[in-house]
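Heads up, the thing below is written out as structure tokens.
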Amino acid sequence: MLTQLARVSLDADGRFATATELQFIKDYLESADHRISAYEKIRDAEEQIMDQIEEKALEKNARVFHKGTRDMVETCRRDRKHLLKSSAAAMLVSDLDRLRDSMLLWQRTLINAFQDQQTSQIVSQVTPKVMEQQLTPEEAKQMTPALQLSQALLS
């Protein structure tokens, strides 16, 4: 939303914004209650969400958080928490551009450098399922674009 507001401000410099240019504000305001509710639920259940993602990922591959003989559970959990917080914040303000540019491209570079594509793919597959358990359908609908962007860039 912030990026879109800035864009409209620049595009409409010296004139009134068109109805099309303002539609995103109407859409955002219609979904604001669900966004806030989803954000609060994610914030309040962060540890439970992390536990569930970890559990589901381990069901798919018992060594998903290992790098050779090294146990990387805590490092992976820290990174997942950071991604969850960034995704929830992007959902709250409806700004996927910022999520992509500030978090996902950096994380993709790390995943490629450390060859953690399999771990990333598994986590990207199970996270939406966990979110569906934590959120109402309306709230999950707001979080889905951020999760899909993460999955597309990190898998």
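So what are the radius of gyration and Dmax for the Cα set of the stretch 30-83, in Å?
Values for the stretch 30-83 (Cα only, Rg and Dmax): 14.3, 50 Å.
Determine which residues of the stretch 66-100 fall in the zone a paramagnetic label at V8 would reach in this model, i.e. backbone nitrogen under 15 Å from the point 7 Å along Cα→Cβ.
93-95, by backbone N distance to the label point.
Give the angle, between 0 and 90 degrees and rounded to the nearest 10, that separates the Cα long axis of helix 2-11 from the longest principal axis of the Cα atoms of the chain.
For helix 2-11, the angle is close to 30 degrees.
Could you list the trypsin sites (Lys or Arg not before Pro) in the stretch 50-101 that lie in coil according to DSSP, counting only those with at most 16 other Cβ atoms within 10 Å of their Cβ?
Counting only loop positions with at most 16 other Cβ atoms within 10 Å, the trypsin sites (Lys or Arg not before Pro) in the stretch 50-101 are R63.
Using the C-alpha atoms of the stretch 33-154, what convex hull volume per residue, in cubic angstrom, is computed?
Spread over its residues, the Cα hull of the stretch 33-154 gives 85 Å³ apiece.
Which angle from 0 to 90°, rounded to the nearest 10, does the C-alpha axis of helix 137-154 make with the longest principal axis of the chain?
On a 0 to 90 degree scale, this one is about 70.
Which cross-chain or sequence-distant (5 or more) residues have an amide H under 5 Å from the amide H of H66, H modelled 1.01 Å from N in plane?
M72
Helix 117-134 versus the longest principal axis of the chain: what is the Cα-based angle in degrees, 0 to 90, to the nearest 10?
Long axis of 117-134 versus the principal axis of the chain: about 60 degrees.
Each value in this text was obtained by applying a stated rule to the coordinates, not by laboratory testing. Owing to the predicted nature of the structure, the values given are computational and were not obtained by experimental measurement. Ideal geometry is used to build each Cβ from the backbone, glycine not excepted, and the neighbour counts take in all protein chains shown.
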